[in-house]
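Have a look at the structure below, then the notes.
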Amino acid sequence: MKKMASLLVAAALVAGGLSGCTKAPAKETSGGAVSQEKTTDQEKTAAEKENGGGEKTPVSLTYWQHSSAARDEMMTALVKTFEEQNPDIKVKLEFIPEGDYSQKLIPALATDTAPDVFQIQSGMVAKLAQTGAIKPLAEEVMSADSITADFVPAAVDGLKYDGKYYGMPTDLQTIVMLWNKKLVAEAGLDAEKGPQTWDEFFDWSRKLTKTEGGKLVQSGWGGKGYAPEVLSIIKQYGGAFYDDAAGQYVFADDPKVLEAIEAYTAPYKTDKVYNTEFVKNWAGFRQGLIGLMLGHPAMIGNLPQTAPDLDFGVGLIPAKGDSHATCVTSWGYVMSAKAPDEAATRFIQFLSSDDVERQWTEKTGELPARKALLEDAGLKSDPKVAVAIESLNDSFVGALQTSALNTIWTEAMDRILQTDEPIETILKDAQSKMNDELKNPV
Amino acid sequence: MKVSQGAVSRNRITMHRAVPYFFIAPAVIYIFFVTLIPAIMALPISFTDWSALSPKKNFVGFDNYVRLMGDKDFWKSCLVMAQFFIYVPIVLAAGLVTALLLNLKIKGVKLFRLIFYSPVITSTIAAAILFEYFFQPSFGLFNSILGFFGLKGLGWVENASTAVLSVIIFKVWKDFGEAMLIYLAGLQDVPSEIKEASAIDGASSWQTFRYITFPMLRPAHIYLLMKNVIGVFMIFQETYMLKGPLNSTRTVVNYIYEKGFQSYQMGYASAMSFSLFLIVLIITMVQYKATKLDVL
Amino acid sequence: MNREKSKKMAVRIFFFLLTLGLAMIIAFPFVWMIFASFKESKEFYVLKPTLLPEKFNTDNFRELFEKLNIGLYYWNSVIVTAMQVLSTVTIVLLAGYGFAKYEFKGKNVLFLMILSSTMIPWVATIIPLYIMANQLKLVDTMAGLIIPGMADAFSIFLARNFMSSIPTPLLEAARIDGAGELLIFRKIVIPAVKPLIAVIAIQKMVSSWNAFQWPLLVVNSDKLRTLPLAIAKLSSQYYDSYNLKMAAAAVAIIPVLIIYVIFQKYLVEGVSLSGIK
């Protein structure tokens, strides 16, 4: 260990020496300056374009989103409509593979070459706003007041920074409960209604579990600590997860959080209703090996495609007392610092308009964020979708909305479920890592 | 039109001095622009707190390097990576054995050579999807085979204690063909006359292999050893796709990636990268000396 | 005599069976992939997937070519790979020979520089490389896609190792006959290292064809997309088009297979170095 450390010191010294004699640092800073100058240039030209009468030189916007076949197709059609309605704006669409989206976006942000409008996980909004990579929506197009009035709070609160809205929600998801009707009926339970409270839910999960010779052959509930699920139950137990005023995670210090997590993990740890070595949870649910699941409403559209023979019911997340509170996760449409304000905001406004949101829900199973749509009879004609939309009525913003935070959380839950370490220690570890994660980016 | 003897030879000498540089120039220029300059640009980043979310950065001195020494997760990822060194002898042995087999005059040897190389040319994404099926603990192929022989199934990738083993199996299957290819090319340099001569002398095939074939494959051994050792330090893709629980397969480069591209601490990620670079460099130089290569 | 003959026969059969057995194990995932490319999407979500598809349908391939425009991506990959293989073979052979057969000042330092370029994690250098490409206006261009893959440091190492076994007296003899250095390289060295050329070309072909990280960063527009990028685009947040991925991977293998078969000839039957001793 000591040797290793001295080796590293040596490494650092050599590296320091090297950087001292090369001209690279100077180059680096001048490079930065150049690109900053470029930005202001671009801003100027964009502004000129805007002022100089839209019709002659249409403003052009580049737009990035993570891709899926359904989404890409829809977006292409939507942009056509938008361009017809706004002849002064042209939109260039670029679709990025979902798994590699941030890897693609970061170098673009690092060089100030990000697209004008792009999607981002809602937890990133604060970080990007701090660094000045994105800017607030243009007030004259979408006023903060109108946004507050028109949208479900949990859908837009996460996109606010320093009192200003920086984007509009997309890919809005809550947590709902799904159950396999056949397995539930076999166990003599009510396959139409589903469990209502957590106690009932955990009870069902035990009743739906079957073992043969000590080995799991049917799992009652495939829960393994997915962040939005646990955040929801913590909220319902009255636990404090994140302290807004202090800007810090506080969950490891709250006994109610511990209580909620113990309740959530007991079926796995004590009752052995599921095991990650049994089968991957969604794969198992598709194949009728798992009785209950918590998950995103997106699965309502996904399951008929991937498991056509599965008959499943959908209900609100179980409640503690009266509250079916669910955590909301979303991405946001935001615009980069160099984007032409007015045109970009108009595009974002279009993407979150009544009509477009309705289409998203109908075609891709995303939830609408506009209050007006929560009571839309057309959308609610499918009872499963109706449940999903209803879930938004009692919803709050999730506090783990970046992939780094999610990674820390997953690691902690794995440790809780798969090792015998005390939960308190694990939560303390996770909390300090998460608070480190929050430290201001440059 | 008489050229003096002296002029010619002088001319030849100057030619000679420039000639080697002419041969290596394209490679040197390429490496310089594509790797060296980016590396030189990355080095100063390791002394900043750059997030990579905008071009702005602040100088923080050696903070990142100091932080690294106390970062338990970093050291844990080093341990994970260290386990992968078992992969090196396995893949070399697999490559050598298959190359020897395919150098025999067997019926259909050309087809076999193609089949043995097929894992290398298969897309890694597609291969990883298939191996996820095969590794599946309850219903997967591998546990069915173990069960067939009356053995207890393993948790494979889903279990922290067998996850590295699973990735190694995948990686050996995927990459041994490359070692095979190099060895096959190397075997073409072992003249059959020598082998025949030793056979006439009454040497057993083991002796021929031990004292003639194996030593003559030296260039191949050295290359493969060096490449695979460096390769283990740089493991990323396989452990990114087949991820074990509890960070059991998070190697150093996976960790660097997490810090750089998920936590947006590009300064820290660069510091870790250069520390890793130095370790690899030192180990490679030791290897170089140990294998007594003439350069260095 | 007869016994010896039958013993030899037995040995031959043993090795044949051994090779056959190994081949079946090794090829199994590959064969699975080929069959899987004819499966329907839902067959990928069953618990115990079968080797054979329920029925062979070619819908996946039709969708790839007709709807997803994979022909274009294929063509881009072919161009990028061809350019990179050509330039890599040239650069690597020249450098390998230079390092193997000449003594010159700075040789060790330069060689170490080349080798050490393989020891820096890509995570550290890829953004600086992108910054460079951006300043040179190479982002979203074919040149930007091709240039960073025009040589391969490990191959230079390989070439140097193999070429050092070319007998120096042979080269000296040619020099005494008045042959220029380039002529010696072309007429003596190149024909003598065909297996090496085959190895370099095959290896580069495989790595270019599957290259992902850099193309992901540098390509923005659809018209420059390469095959691996197109395959990556087949998974989305909640849904993986495994069927299309398998079909795309199966289709993607064809050119590599063809090139491998062509080069294999040189790999084993080429004039070996011993021939010129």
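Any read-out appearing in this document is the output of simple, stated calculations on the displayed coordinates, not a laboratory observation. What you are looking at is a predicted structure, and each value in this text was computed from that prediction instead of being measured. When we count neighbours, we look across all protein chains shown, and the Cβ atoms used for this are built from the backbone with ideal geometry, even at glycine.
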message = In whole Hz and in residue order, list the ³J(HN,Hα) couplings for segment A:73-78 that follow from phi through the Karplus curve 6.51 cos²θ - 1.76 cosθ + 1.60, θ = phi - 60°; x for Gly and Pro.
response = 4, 5, 4, 4, 5, 4
Reach of C:Lys39 by Cα under 21 Å, taken over lysines that are not fewer than 8 positions away in the same chain = C:Lys48, C:Lys55, C:Lys67, C:Lys233, C:Lys245
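I need the shape label for chain A. Rule: rounded when a/c is under 1.5, else prolate if a/b > b/c, else oblate, with a, b, c from the alpha carbon gyration tensor. Don't skip to the answer; put the middle values down first.
Working: a/c = 2.16, a/b = 1.30, b/c = 1.66.
The shape class here is oblate.
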ask   = When chain A is treated as a GNM, springs tying every alpha-carbon pair under 10 Å, which of A:Pro169, A:Pro136, A:Pro107 comes out with the largest mean-square fluctuation?
value = A:Pro107
task = For segment A:58-116 and segment A:323-338, compute the distance between their C-alpha centroids and round to whole Å.
result = 18
ask   = Taking square-rooted eigenvalues a ≥ b ≥ c of the alpha carbon gyration tensor, is segment A:228-386 rounded, prolate or oblate, where a/c under 1.5 means rounded and, failing that, a/b exceeding b/c means prolate?
value = oblate
remark   = Percent antiparallel among DSSP beta bridges confined to the protein assembly as shown, rounded to 5, stands at 65
query = Can you list the chymotrypsin sites (Phe, Trp or Tyr not before Pro) in segment B:127-198 that are in a DSSP coil and have 15 or fewer other beta carbons within 10 angstrom?
reply = B:Phe149
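Show me the ranking of peptides A:387-393, A:111-117, B:264-270 by mean Cβ neighbours inside 10 Å, starting with the highest. Don't skip to the answer; put the middle values down first.
On the way: A:387-393: 21.1, A:111-117: 22.9, B:264-270: 28.1.
Sorting A:387-393, A:111-117, B:264-270 by mean packing, highest first, produces B:264-270, A:111-117, A:387-393.
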message = Which one, B:Met285, C:Trp209, A:Pro255, is farthest towards the positive end of the dipole of the protein assembly as shown when Lys and Arg carry +1 and Asp and Glu -1 on their Cβ?
response = B:Met285
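Over all directions, what mean area does the Cα convex hull of segment A:166-205 project, stated in square nanometres? Please list the in-between numbers first.
Details: hull surface 17.2 nm².
Hull-based average projected area comes out at 4.3 nm².
Can you tally the net charge around A:Asp311? Count Lys and Arg as +1, Asp and Glu as -1, for every other residue whose Cβ sits under 10 Å from the Cβ of A:Asp311.
Values: positive: A:Lys181, A:Lys182; negative: A:Asp309.
It works out to a net charge of +1.
Beyond a 25 Å Cα-Cα separation, which of these cross-linked pairs lie in this structure: B:Lys289/C:Lys101; A:Lys439/C:Lys137; B:Lys174/C:Lys42; A:Lys371/C:Lys42; A:Lys433/B:Lys243; B:Lys227/C:Lys204?
Working: B:Lys289/C:Lys101 20 Å; A:Lys439/C:Lys137 34 Å; B:Lys174/C:Lys42 27 Å; A:Lys371/C:Lys42 36 Å; A:Lys433/B:Lys243 21 Å; B:Lys227/C:Lys204 15 Å.
The answer is A:Lys439/C:Lys137; B:Lys174/C:Lys42; A:Lys371/C:Lys42.
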Cα-based Rg of chain B normalised by 2.2 N^0.38 Å, two decimals = 1.30
inquiry  = Can you return the aspartates and glutamates within cross-link range of B:Lys259? Criterion is Cα-Cα under 13 Å, with same-chain partners fewer than 8 residues away left out.
reply    = A:Asp436, A:Glu437, B:Asp49, B:Asp71, B:Asp73
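Tell me the mean residue ellipticity at 222 nm calculated for chain A from its helices only (DSSP H runs of n ≥ 4, each -39500 (n - 2.57), averaged over every residue, nearest 500).
Numbers: 18 runs with 212 residues, N = 442.
After summing the helix terms and dividing by residue count, I get -15000 deg cm²/dmol.
Kirkwood hydrodynamic radius, chain C, all distinct C-alpha pairs: what's the number in Å? Could the numbers behind the result be given before it?
On the way: mean 1/r = 0.0447 Å⁻¹.
In chain C this quantity evaluates to 22.4 Å.
Averaged over C:131-137, how many beta carbons belonging to a partner chain fall within 10 Å of each residue's beta carbon? Could you put the intermediate results ahead of the total?
Working: counts 12, 7, 3, 9, 5, 1, 0.
So the per-residue partner count for this stretch is 5.
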note = Expressed in angstrom and rounded, the centroid-to-centroid distance over alpha carbons for segment B:13-64 and segment A:242-263 is 46
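From the square roots a ≥ b ≥ c of the eigenvalues of the alpha-carbon gyration tensor of segment B:149-296, which class results: rounded (a/c under 1.5), prolate (a/b over b/c), or oblate? Provide the component values of the computation, followed by the final result.
On the way: a/c = 3.54, a/b = 1.64, b/c = 2.16.
Oblate, because a/c is 1.5 or more while a/b does not exceed b/c.
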Spatially close lysines, pair count over segment A:190-250: Cα under 21 Å, gap of eight or more or interchain = 6
remark   = Hits for chain B under the membrane-span-like helix rule (DSSP H, Cα axial span at least 20 Å, Kyte-Doolittle mean at least -0.5) are B:5-31, B:87-102, B:163-187, B:218-233, B:266-290
ask   = Taking only Cα atoms, what is the 0 to 90° angle, nearest 10, from helix A:2-21's long axis to the longest principal axis of chain A?
value = 20
message = Averaged across A:411-419, how many Cβ atoms of other chains sit within 10 Å of each residue's Cβ atom?
response = 3
ask   = Which three lengths, in whole Å and largest first, does the protein assembly as shown cover when its Cα atoms are put on their principal axes?
value = 100, 78, 60
message = Residue by residue through B:271-281, how many Cβ atoms from other chains fall within 10 Å of the Cβ on average?
response = 6
task = Between A:Ala110, A:Ala412, A:Ala260, find the one with the highest GNM mean-square fluctuation for chain A; connect C-alpha pairs within less than 10 Å.
result = A:Ala110
request  = Would you please put B:79-86, B:42-49 in order of how densely packed they are, using the mean number of other Cβ atoms within 10 angstrom per residue and starting with the highest?
outcome  = B:42-49, B:79-86
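Please order B:Met234, B:Met180, C:Met113 by the number of other Cβ within 10 Å, starting at the fewest. Walk me through the intermediate numbers first.
On the way: B:Met234 19, B:Met180 24, C:Met113 16.
The order, fewest Cβ neighbours first, is C:Met113, B:Met234, B:Met180.
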message = Straight-line reach from A:Lys164: which aspartates and glutamates fall under 17 Å, measuring Cα to Cα and dropping same-chain residues less than 8 apart?
response = A:Glu139, A:Glu140, A:Asp145, A:Asp150, A:Asp244, A:Asp341, A:Glu342
query = Can you give the angle from 0 to 90° between the axis of helix A:24-51 and the longest principal axis of chain A, with both taken from C-alpha atoms, to the nearest 10?
reply = 90
message = Sorting check: for A:376-385, B:29-38, C:153-162, which peptide has the highest mean count of neighbouring beta carbons within 10 Å, and how do the rest follow?
response = C:153-162, B:29-38, A:376-385
